[in-house]
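Any read-out appearing in this document is the output of simple, stated calculations on the displayed coordinates, not a laboratory observation. Given the structure is predicted, the values throughout are model-derived calculations rather than measurements.
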Amino acid sequence: MRARLIYNPSSGHETLRNNVGDILNIIEKADYEASAFRTTPKENSAQDEARRVAKEGFDLIIAAGGDGTINEVVNGISGLDKRPELAIIPAGTTNDYARALKIPRDDVVEAAKVILKGQKMPIDVGKAGKSYFINIAGGGSMTELTYEVPSAYKSILGYLAYLVKGAEMLPRISPIDMHIEYDEGVFDGKATMFLIGLTNSIGGMEQIAPNSVIGDGTFSLIIVKETNLRDLIHLITLVLNGGRHVYNPKIIYTKTKNLSVKANDDNRIMVNLDGEYGGDAPMEFKNLHGHLNIYANVDSIPLKALDDPTLAEKDAGEKIIEEEKKLDE
């Protein structure tokens, strides 16, 4: 069996560059004939290499780097009829997908050792127009902060860079008039942003989509209705307080397999795919159920989230909704 390590040498303060030999040795111990490809500044370097080796019949691709590198590899193989298995070694800023798969995020060699456990699982892939994503897609003024954080800041400050930029942007966030269609309904009006997630980890936080289940065939959809600065600060507080934002009347929170988004006016809706610019709306999104097979710490991932709440949980949720309505008034 053949495996190709595709790594970004600039990720993780060059920790990947310094540990390529150890990572290849681990892959060899897992009975693969291992080789490595170092990405270049050329556009779609990781994506093109992933597609090339997939067509050559490689059995496994290991995407090593930040969420952007992983997204490129996913885009390289997701459109093919025959797709190799996937493993990831996180070395970026937020490493959302590795967090969801319970893969070590502070040691690239330990992350590679997940392959030795031999635990794999099918995962859903999101299709957005002609592109793909595996963790999060979104649009609206709040999602644009990822484009405004300079790469140098992300390398030096990590997730703190997003927090600093987010605080700076809050006063100038403005809603966009959107038309959003999803499995259970339609939203027509002004929204600060929409998010669709395939895991519960978004932007380094695991409470934004609290009942998301990896590989269940659905997106977790969050629509943040028209909000002011005070509303946004309150919602962020609720996210940090156990994911209580999902009960707020300013939020639509549901599951869907398909989604379409367009602007109701001439405003631009930039679409964010796994933290990178992915084009402008109008755009259609589709969940490709079980599309890729990936190495993960499967025995550490919760088998079920809160999709089927108990009566007590429903009562608690209703009480929170009433509390939020009173605050909103």
| field | Given Lys82/Lys262; Lys255/Lys286; Lys42/Lys113; Lys55/Lys255; Lys55/Lys117, the pairs whose alpha carbons are separated by over 24 Å | value | Lys82/Lys262; Lys42/Lys113; Lys55/Lys255; Lys55/Lys117
| C-alpha center-to-center spacing [the range 81-97, the range 269-298] in angstrom | 13
